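One structure below.
The values are calculated or read from the model by the stated rules, or taken from the named source; none is laboratory data. The structure presented is a predicted model; accordingly, all values stated were derived computationally and were not measured. Note that each Cβ is placed from the backbone with ideal geometry, even for glycine, and that neighbours are counted across all protein chains shown.
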Amino acid sequence: MKRLLLLVPKCDGPTENKKWNEYLSNDIEDLVTQNMWRIFTPGVLVLAKLAEETKMYEVQVVDEEFQELDMTEKYELVAMYTVTPNAKRAYKLAEYYKQQGAYVVLGGVHATVCSDEAIKHADTIMIGETEYTWPIFLKDYKMNMAKKIYSQPLGEVDLDYSPMPSFHLLPENARKLVAIQTARGCPHGCKFCNLRSLYGKQYRTKKIENIDKEIQAVKQINPLAMIYFTDDNLFCHEEHAKLLMQKISTYNLTWYANSDISFGANMELIKMAYKSGCRQVLIGLESANSANLKGLDENSFKSRNYVNYKSLIENIQSCGIGVIGSFILGLDEDNEDIFDKTIDFILDTKLYGANITVNTPYPGTLNFKAMCDDNRILTYDWNHYTIFNPVIKPKKMTVEKLNEGYLRVMKTINSSQNIKNKMNYFKEKLSNKEK
């Protein structure tokens, strides 16, 4: 059997010593890492399943965030999943494996939106989703007829026929929080988001019975596993969300999800989510400055809902589900008062957690095109595109002030006193809920 490596390269970061931002102190670097939901990249497990079904490959999966890559291992075929911050390492590894005699394939969102760049480093590139194109490539490769480019038109993959991921290939240290995707797509079209470049505009769901089978498979490898539903916006299709929660209520399951703020307006949905095991939701609030939200998404959804942010967060957290608010510092309407505004918002709402990033224009986004047109991009070194490291010229402050302000926000919201206040708040909410 031929040996196949499905590899997710790590993100090297802007310097040898710092993974996220060379300006940050080591304790804040560590804090950024600790605050992330660490999951094994799920897409490679789908490709693994499709390759296993051919009965032709000995498949190994490696995500360098969880495993060390053994450079002495030999493979006939190496396929890598690329995102912008790991692209340079992927290209370096591609050259290494080609020198070792392997056939190299690059796919993922970065190879999709920067295909002219990626093709210089690979024997083949996969553009778009790969459930249909990967099996075609494997057949062509077997016949020594592989093409340089395999491209999947946007939004045409029927998720009902997406195969069960090969969860059995997960390393032991990646079995505590496991990713499951129940749908693809989001209705909002934010200017900073590149997912539509991969998935298109449509919202596509999996059959509930197929999701149920995936949950069962995860429970088989770890009965105590928590699930992270990685959908871009789990609750935006209410019927699908309710059917999903009815199904998973039959399990003793703890799970997390991504959502938009409209989740907080549907108390029935919130209570169903808690009852079925939801304990945290990540919500893209984006900014504590309402001026930034105008035109940030194609229907001004976030701008229209800003006035209700605090009450909707209260609705969710009062039911026992912690909100992780995601914020972008350095947006075009931000001046230096944004740091105090962000701190005040987070502390006032008692957010369970906060994901603080800086304005980063990824290739394939409307934001990237606008920044290129305005000549505001400071570097095209993809290692710097960590979402925590400034790579553009902010409009109303310097890069130095953005770095200083970011550090102050992180230190303040994570002080021991503020963490204690937040925990007391949640203890009170849960105590009231049980009465």
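Condition first: within 30 Å of residue 302 (Cα to Cα) and within 17 Å of the chain's Cα centre (by Cα). Can you find one or more residues in the range 166-178 that meet it?
yes
For every residue, the table says whether it meets (1) in contact (Cβ under 8 Å) with a residue 24 or more places away in the chain; (2) in a helix (DSSP H, G or I); (3) under 16 Å from residue 49 (Cα atoms).
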| site | (1), (2), (3) |
| --- | --- |
| 154 | yes, no, no |
| 165 | yes, no, yes |
| 168 | yes, yes, yes |
| 186 | yes, no, no |
| 209 | no, yes, no |
| 217 | yes, yes, yes |
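So which of 303, 326 is at pLDDT 95 or above and either over 20 Å from residue 422 (Cβ atoms) or not aromatic (Phe, Trp, Tyr) (or both)?
Exactly one residue qualifies, and that residue is 326.
With β-branched (Val, Ile, Thr) and out of contact with any strand residue (DSSP E or B) (no Cβ under 8 Å at 6 or more places or on another chain) as the only criterion, which of 261, 208 stands out?
208
Give 81, 103, 96, 75 a once-over and let me know the one that is out of contact with any Cys (no Cβ under 6 Å at 6 or more places or on another chain) and either under 29 Å from residue 229 (Cβ atoms) or not hydroxyl-bearing (Ser, Thr, Tyr) (or both). Spell out the reasoning first.
Details: 103 fails: either under 29 Å from residue 229 (Cβ atoms) or not hydroxyl-bearing (Ser, Thr, Tyr) (or both); 96 fails: either under 29 Å from residue 229 (Cβ atoms) or not hydroxyl-bearing (Ser, Thr, Tyr) (or both); 75 fails: either under 29 Å from residue 229 (Cβ atoms) or not hydroxyl-bearing (Ser, Thr, Tyr) (or both).
Step by step, each of 81, 103, 96, 75 is checked, and only 81 is out of contact with any Cys (no Cβ under 6 Å at 6 or more places or on another chain) and either under 29 Å from residue 229 (Cβ atoms) or not hydroxyl-bearing (Ser, Thr, Tyr) (or both).
If you check residue 32 against the conditions, is it within 25 Å of residue 257 (Cα to Cα), without any contact (Cβ under 8 Å) to a residue 40 or more places away in the chain and in contact with a Leu (Cβ under 9 Å, 6 or more places away or on another chain)?
no
So, in the range 157-174, of the ones that are polar (S, T, N, Q) and buried (at least 18 other Cβ atoms within 10 Å of the Cβ), which residue ends up farthest from residue 133 (Cα to Cα)?
166
Looking at (1) surrounded by 20 or more Cβ atoms within 10 Å (Cβ to Cβ); (2) within 28 Å of residue 255 (Cα to Cα); (3) of a type outside the set (Val, Ile, Thr), which is the only condition residue 318 fails?
(1)
Cβ contacts < 9 Å: first residue on the phi > 0 side of the Ramachandran plot, restricted to the range 283-312; second residue small (Gly, Ala, Ser) and surrounded by fewer than 22 Cβ atoms within 10 Å (Cβ to Cβ), any location; separation 6+ or different chain. Result?
Cβ pairs passing all conditions: 286/326; 295/303.
Does residue 364 satisfy the condition of being of a type in the set (Gly, Ala, Ser), in a helix (DSSP H, G or I) and crowded, with 16+ Cβ neighbours inside 10 Å?
The answer is no for residue 364.
Which members of the range 326-342 meet the condition of being surrounded by 21 or more Cβ atoms within 10 Å (Cβ to Cβ) and in a helix (DSSP H, G or I)?
Of everything in the range 326-342, those that are surrounded by 21 or more Cβ atoms within 10 Å (Cβ to Cβ) and in a helix (DSSP H, G or I) turn out to be 338, 339, 342.
Can you find a residue in the range 225-244 that is touching a Lys or Arg at 6+ places or on another chain (Cβ under 9 Å) and modelled with pLDDT of 95 or more?
yes
Those residues that are part of a loop (DSSP other than H, G, I, E, B) and within 21 Å of residue 45 (Cα to Cα), I need them from the range 101-121; list them, please.
Matches in the range 101-121: 102, 108.
Hey, any hits in the range 405-428 for a residue that's at pLDDT below 95, hydroxyl-bearing (Ser, Thr, Tyr) and surrounded by 13 or more Cβ atoms within 10 Å (Cβ to Cβ)?
So far as the range 405-428 goes, yes, one or more of its residues are at pLDDT below 95, hydroxyl-bearing (Ser, Thr, Tyr) and surrounded by 13 or more Cβ atoms within 10 Å (Cβ to Cβ).
Considering only residues that are polar (S, T, N, Q) and either buried (at least 20 other Cβ atoms within 10 Å of the Cβ) or more than 24 Å from the chain's Cα centre (by Cα) (or both), which ones fall in the range 374-402? Let's see the steps before the verdict.
Here is the first cut: in the range 374-402, the residues polar (S, T, N, Q) are 375, 379, 383, 386, 389, 398.
Answer for the range 374-402, where residues must be polar (S, T, N, Q) and either buried (at least 20 other Cβ atoms within 10 Å of the Cβ) or more than 24 Å from the chain's Cα centre (by Cα) (or both): 375, 386, 389, 398.
Select from the range 104-125 the residues that are of a type in the set (A, V, I, L, M, F, W, C) and touching a residue at least 40 places away in the same chain (Cβ under 8 Å) and list them in ascending order. Break it down into steps so the answer makes sense when it comes.
Taking the range 104-125 and keeping what is of a type in the set (A, V, I, L, M, F, W, C), we get 104-106, 109, 111, 113-114, 118-119, 122, 125.
Within the range 104-125, 109, 113, 114 meet the criteria.
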